[in-house]
Amino acid sequence: MNRTVNASAGEPVAPGGCIGILGGGQLGRMLATAAAELGLTAHVYCPDENSPAFDVAAEKTVAAYDDADALARFADNVDAVTYEFENVPAETVRILTEHAPVRPGAQALATAQDRLAEKTFIAEQGIRTAPFRAVDDAAGLAQAIADLGTPAILKTRRFGYDGKGQTRIEADTAPQAALDEIGNAPAILEGFVPFEREISVIVARGQDGAIAAYDPVENIHKNHILDRSFAPAALTPGIAAEAIEIASTIVRELDYVGVMGVELFLLPESAGNENRLLVNEIAPRVHNSGHWTMDACLVSQFEQHVRAICGWPLGSAARHSDAVMTNLIGEDAADWTTLAAEPGCAIHLYGKTEIRTGRKMGHVTRLFPIGELPVTRN
């Protein structure tokens, strides 16, 4: 099929079209693979010439994210641009938008890139978050600690993931020492939340405003990195519906197009906790806690994202199986032969040639009949 580059606004990208993906990691790789299943091709843009997404992309560009000429050439040869990570420079988005639609758009990206802007936006929607204060210097941190008490978590406003860019504040923590630990960057102090469980919702919104949300999942972390996701989370129907409504409100109010991961805390059932859900953070992209959808749903989060950014109807987010997704971190991936032989286990490896401690090398999904998900979460 012949494709028309840069389909006009509101016009779907037809099979034969090309999506541009900023970022060449595993998320970009799985987006490119999902695009191919829909008869689309992918052009991946990344400064790292060893990016695993290049292996499955029809075209690639190896260039810096601030290379204006390379960005323009890239965007001129795709029908829509998306990204696999949220820390895309604002100037990069501005340049790309002059040449092709960028989805999700600049507003959602700017909101999610700054933890203060993100928390403020969520609170403005009447959705609970941990209590927070902006921090610019040691005096501001001392005042924030006085306001929120300890323990608390100091986080950089920008960047940082998997536990990076943050430090715990105790009663005896020296404000300047804490700021030094995070590089004296503009920060936000968040009050400590004694949550019972962490859950997340993968939600998609199409260009027509339609919303599709996957069942909430429970997430278990090790060393600040997601270890396992249990689908579905063990929640009452009311709390599960509330979590989906919170995620839906966020994408609707941001006029968001694409898939978003919304991480929430479930507070213990006790006096004063009538509203037991609060939002921890949002990720304007496909999300690690949604990888289980590749095997347990008719339409994965990756296909759903491609559908959304291309103007296609959203697919069903229904689950045909229960699932446990386990990340393969570092040396975990070296046991691939055992995992590949395990009944009921789907293995996904990301094509990374170097195993490093803490590096996400792949994941496995173990499927179970509906209602037979293992109870053990340890």
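Listing for the model above:
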read-out: Residues located in region 28-45, provided they are more than 21 Å from Asp66 (Cβ to Cβ) and buried (at least 20 other Cβ atoms within 10 Å of the Cβ); value: Arg29, Met30, Leu31, Ala32, Thr33, Ala34, Ala35, Leu40, Ala42
read-out: Close pairs (9 angstrom Cβ cut-off, 6 or more residues apart or separate chains): closer than 15 Å to Asp147 by Cα in region 170-184, in a helix (DSSP H, G or I) and of a type outside the set (A, V, I, L, M) anywhere; value: Pro175/Gly140
read-out: Whichever residue in region 107-147 is crowded, with 21+ Cβ neighbours inside 10 Å and of a type in the set (Gly, Ala, Ser) and, among such residues, is modelled with the highest pLDDT; value: Ala144
read-out: Residue ID - surrounded by the fewest Cβ atoms within 10 Å (Cβ to Cβ), chosen from residues in region 51-87 that are aliphatic (A, V, I, L, M) and touching a His at 6+ places or on another chain (Cβ under 7 Å); value: Ala58
read-out: Residue check, Thr236 free of Cβ contacts under 8 Å to residues at least 40 places away in the same chain and among the polar types (S, T, N, Q); value: yes
read-out: Residues of region 308-336 that turn out to be assigned to a helix (DSSP H, G or I), at negative phi and surrounded by fewer than 21 Cβ atoms within 10 Å (Cβ to Cβ), as a count; value: 5
read-out: Test: residue in region 47-58 that is within 21 Å of Gln113 (Cβ to Cβ), aromatic (Phe, Trp, Tyr), touching a residue at least 24 places away in the same chain (Cβ under 8 Å) and not in a loop (DSSP other than H, G, I, E, B); value: no
read-out: Answer from Arg366, Arg319, Arg356 - the residue that is more than 27 Å from Pro194 (Cα to Cα), of a type in the set (D, E, K, R) and free of Cβ contacts under 8 Å to residues at least 40 places away in the same chain; value: Arg356
read-out: Helices (runs of 4 or more DSSP H) fully within region 104-201 counting 3 or more residues that are within 30 Å of Glu269 (Cβ to Cβ) and among the aliphatic types (A, V, I, L, M); value: 138-148
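The values are calculated or read from the model by the stated rules, or taken from the named source; none is laboratory data. None of the values given here were measured: they were computed from a predicted structure. Counting neighbours? That spans all protein chains shown, and the Cβs are built from the backbone with ideal geometry, glycine included.
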